[in-house]
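The structure appears right after this line, and notes come after that.
The values are calculated or read from the model by the stated rules, or taken from the named source; none is laboratory data. Since this is a predicted model, take the numbers as computed values, not measurements. Neighbour counts are summed over all protein chains in view; Cβ atoms, including those assigned to glycine, are modelled from backbone coordinates with ideal geometry. For the accessible areas, the whole protein counts, side chains as well, though only heavy atoms, and no ligand, DNA or RNA atoms are used. Shrake-Rupley method; radii C 1.70, N 1.55, O 1.52, S 1.80 Å.
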2 protein chains.
Amino acid sequence: MANADGLAINLATIRKQYDLRGAAEACARHGISWVAPWRDQVASTGLDETARILKGNGLRVTGLCRGGMFTVDPNAIDDNKSAIDEAAALGAQCLVLVVGGLPTGSRDLGSARKAVADGIAAVLPHARAAKVPLAIEPLHPMYAPDRAVVNTLAQALDLCDALGEGVGVVLDTYHLWWDPNLMRDIARAGAGKRILAHHISDFLVPTRDLLNDRGMMGDGVIDFKPFRRAVEAAGYRGPQEVEIFSTADWWTRPGDEVLATCIDRFNTVC
Amino acid sequence: MANADGLAINLATIRKQYDLRGAAEACARHGISWVAPWRDQVASTGLDETARILKGNGLRVTGLCRGGMFTVDPNAIDDNKSAIDEAAALGAQCLVLVVGGLPTGSRDLGSARKAVADGIAAVLPHARAAKVPLAIEPLHPMYAPDRAVVNTLAQALDLCDALGEGVGVVLDTYHLWWDPNLMRDIARAGAGKRILAHHISDFLVPTRDLLNDRGMMGDGVIDFKPFRRAVEAAGYRGPQEVEIFSTADWWTRPGDEVLATCIDRFNTVC
C-alpha cells in the first residue's frame with residue numbers, strides 16, 4: 001500500500017461518498033491516520049459516537065471544520081464556544097475559523113474586519129481554557145464577499161499578533177499560492193509559531209465554479225513542493241491535509257479512487 | 001441629459017452592441033467625452049479611421065487596451081511596440097498592460113513575474129520616446145493563472161519603482177477592492193505620481209463566471225465612494241472608466257440602456 005504518512009484527509013473531500021463512519025473506515029483502509037471532520041458530519045453522527053469511531057479506526061483529528069462566521073451569525077460567539085468544546089472532545093489539533101464575509105447588504109469591509117477581530121477576541125479565553133488553538137484561515141480574495149474578509153496571510157498574521165496566544169493560521173495552497181509575499185509570510189508565520197494546519201488542493205484553469213471546483217494536486221497551476229519546503233523550513237511538522245470541494249469531478253467518483261489518488265499525488269506532486 | 005463629465009466608457013462594455021463607429025456615436029449622443037478602445041476594435045476599423053471617428057465625435061482616449069502578455073506571447077516585445085505606436089496615434093493617455101499569466105504547463109510564478117519586469121523594461125524606451133505612459137494593471141488574484149501574474153497594487157508599484165519613469169498603474173475597483181492595504185497603497189501610488197487610470201465595475205455575489213460576469217456599479221459588494229475619495233486625495237484628476245464584461249447581462253441589453261445606466265450609477269453610486 002502506498003505510504004500515507006504525513007497525509008490528512010479533510011472529510012469534505014469525500015463527503016458525497018460517505019457518512020462519517022464510512023469515511024473513517026475508508027481512510028483507515030487506505031492507511032491514513034489523520035482526518036478533519038466537519039461539524040455537520042459530527043452533529044449527524046453524534047459527538048461521542050464520532051470520537052469512538054475515529055478512535056476505533058486509529059484516526060486523529062487535525063482540525064475541526066469549522067468555527068468563525070463572526071460577521072454574519074448573530075449567535076456566533078455561543079456557536080464558536082460550542083465548536084471549541086467539540087474540538088476539545090475530539091482531541092483536534094485546532095478549530096479552523098472561516099471568519100465570515102460581508103453581512104447581507106453591507107459593503108463595509110473595514111467594519112466586517114473589525115467584527116472578526118472582536119469575535120475571535122471574545123471566544124479566545126474559552127479556547128485557551130479548553131486548550132484548543134484557533135486557526136484563522138485566510139481565504140482567497142474571491143471569497144471576500146461571502147465567506148471570509150481575511151484574505152492574505154499577512155492580514156491573518158497581523159490579527160494573530162493583535163490577539164496574542166492561542167491563535168494561529170491555516171496555510172492553504174488554494175487560497176495563498178498567488179501571493180507575491182507568500183514565502184516571506186510563511187517564514188513570518190513560522191517565526192511566530194502560528195502555523196496550525198497545512199491544507200492542499202489545486203487551482204484549476206479554467207475554474208468553473210468559484211466554490212466547488214477545486215482540483216486534485218497536480219491537475220492545476222500550483223507548485224506544491226516549494227510551498228511544502230517553505231512550510232517545513234518554517235518549523236511545521238504536522239500533516240498536509242487534502243481539502244477538495246468538487247461538484248463536477250471528485251465528488252462523483254468512488255471514494256476509494258479519490259483516496260488512492262490523494263495518496264498518490266501526495267507522494268508524487270506535493 | 002444626465003451629466004457624464006468625468007466618466008469614460010471602456011468600449012468592451014458595449015462591444016457586443018456596436019462596432020467602433022457605432023460605439024463612438026452612441027457615447028457622443030450620451031454626452032460622454034472619454035473612451036477606451038480595444039486593439040481588435042481599432043484593427044478592424046483601421047487606425048487612421050479610428051482616430052477620425054473619435055475626433056469627429058469629440059472623444060478623447062483614456063487608455064488603449066491592451067498591451068502586455070509578456071509571459072505567453074513570443075512576439076510580445078514587437079507587439080507592445082506596435083501597441084505603443086497605436087496609442088500615440090490615438091492620443092491615448094496611456095497603454096494599459098495586462099501583463100500575462102503563467103505560460104501553458106508552467107507553475108513557476110517567480111519566473112513569470114521576472115518575465116513581466118524584463119518585458120516592460122524592454123519596451124519602456126520605445127514608450128518613453130513616444131510619450132505613451134505604460135499602465136500596469138494589477139488583476140484580481142483569480143486571474144493569476146491565465147491573465148496577469150501582477151495581482152496586488154503594492155506589487156505593481158514595486159515594479160514601477162524598479163522600472164523608473166514612464167510607467168504607472170491602473171486602479172480598477174474590481175481587481176483591488178478586497179485588498180487590506182488598499183488605502184495605504186492608493187496613497188503610495190499618488191505620492192509616486194503613478195496613477196494613470198481609474199476603472200470601475202462591481203463584484204457580483206454570486207459571480208457566475210470568473211471573467212465575464214462583472215457587475216454594474218451598485219449591483220455588487222464594492223463601496224465606490226471611499227475608493228474614489230482615496231484616488232482623488234492621491235491627486236488623480238482623470239475620468240473614471242466603466243469596464244464591464246458581462247455575457248449574461250449587460251452585453252445582452254440595448255447599448256443606449258447600458259450607457260444611460262453607466263451615467264446614472266456614476267452619478268449616484270460612485
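Quick notes on this one:
- Of the residues A:CYS27, A:GLN240, A:VAL96, the one whose Cα sits farthest toward the positive end of the charge dipole of chain A, with +1 on the Cβ of Lys and Arg and -1 on the Cβ of Asp and Glu, is A:GLN240.
- For the range A:127-186, size of Cβ-based charge dipole, Lys and Arg +1, Asp and Glu -1, in debye: 160
- Both chains summed, the buried accessible area for A and B stands near 2200 Å², from protein heavy atoms and a 1.4 Å probe.
- Look at the alpha carbon pairs under 8 Å that are at least 6 residues apart: their mean separation over the length of the range A:130-177 gives a relative contact order of 47 percent.
- With label points defined 7 Å past Cα in the direction of Cβ, position A:GLU49 shows copy-to-copy spacings of 7.4 nm, given to one decimal and shortest first.
- Span-rule helices in chain B, defined as complete DSSP H runs reaching 18 Å or more along the axis (Cα) with Kyte mean at least 0.5: B:109-130
- Binning all Cα-Cα separations of the range A:53-161 at 5 Å, short to long from zero, yields these whole-percent fractions: 2, 13, 24, 23, 18, 11, 6, 3, 1, 0.
- The helix-only estimate of mean residue ellipticity at 222 nm for chain A, built from DSSP H runs of length n ≥ 4 each weighted as -39500 (n - 2.57), is -12500 deg cm²/dmol after division by the residue total.
- Straight-line reach from A:LYS131: taking Cα to Cα under 16 Å and skipping same-chain neighbours fewer than 8 places apart, the lysines in range are A:LYS81, A:LYS193.
- If the Kirkwood radius is taken over C-alpha pairs of the range A:34-116, then at 25 °C and 0.890 mPa s the Stokes-Einstein diffusion coefficient equals 180 µm²/s.
- Panel note: contact residues of the range B:177-193 (accessible area lowered by at least 50 Å² against the chain on its own; 1.4 Å probe) correspond to B:TRP177, B:TRP178, B:PRO180.
- Each copy carries a label point for A:ALA233 at 7 Å from Cα toward Cβ; from one copy, the others' points are 3.8 nm away, ordered from shortest.
- Under the criterion of Cα pairs below 8 Å and six or more residues apart, the relative contact order for the range B:49-142 equals 33 percent.
- Gaussian network model of chain A, springs between alpha carbon atoms under 10 Å - residue of A:PRO74, A:PRO141, A:PRO37 with greatest fluctuation: A:PRO74
- By the compact-protein rule of thumb, 2.2 N^0.38 Å, the alpha-carbon radius of gyration of the range B:187-270 corresponds to a ratio of 1.17.
- Farthest toward positive dipole pole in the range B:29-84 [+1 Lys/Arg, -1 Asp/Glu at C-beta], among B:LEU54, B:GLN41, B:ALA76: B:LEU54
- When +1 charges are put on Lys and Arg Cβ atoms and -1 charges on Asp and Glu Cβ atoms, the dipole computed for chain B relative to its Cα centre reaches about 480 debye.
- Global geometry of chain B, whether rounded, prolate or oblate, following the gyration tensor of its Cα atoms and the 1.5 cut on a/c: rounded
- 4 °C / 1.567 mPa s Stokes-Einstein diffusion coefficient of the protein assembly as shown, Kirkwood radius on C-alpha pairs, µm²/s: 53
- Charge dipole of the range A:199-270 about the Cα centre (unit charges at C-beta), most positive-ward option of A:VAL231, A:VAL221, A:THR268: A:VAL231
- R0 of 56 Å, Cβ-Cβ distance B:GLU257-B:ILE77: FRET efficiency to nearest 0.05: 0.85
- Shielded by partner chains, the range A:122-148 residues - at least 10 Å² of accessible area, 1.4 Å probe, vs chain alone: A:HIS140, A:PRO141, A:MET142, A:ALA144, A:PRO145, A:ASP146
- Pairwise centroid distance, computed over Cα atoms, of the range B:13-65 with the range B:136-153, Å: 26
- Candidate lysines - alpha carbon under 16 Å from B:LYS16, same-chain residues fewer than 8 apart omitted: none
- For the range A:148-268, the relative contact order is 24 percent, taking Cα pairs closer than 8 Å that sit 6 or more residues apart in sequence and dividing their mean separation by the residue count.
- Heavy-atom accessible area with a 1.4 Å probe sorts B:ARG128, B:ARG237, A:ARG15, largest first, into B:ARG237, B:ARG128, A:ARG15.
- Proximal charge balance of B:LYS55 [Cβ under 12 Å; K/R count +1, D/E count -1]: 0
- Percent of beta bridges antiparallel (DSSP, chain B, rounded to nearest 5): 5
- Over the protein assembly as shown, accessible surface divided per residue gives 37 Å², non-protein components excluded, 1.4 Å probe.
- Nm distances between copies for A:ARG184, ranked from closest, using label points 7 Å along Cα→Cβ: 1.0
- Of the beta bridges in the range B:113-270, as assigned by DSSP with both residues counted there, near 15 percent are antiparallel.
- About its Cα centre, the range B:116-270 has a charge dipole of approximately 520 debye under the convention of +1 per Lys or Arg Cβ and -1 per Asp or Glu Cβ, with nothing else charged.
- Sulfur and carbon atoms: percent of accessible area, chain A [1.4 Å]: 50
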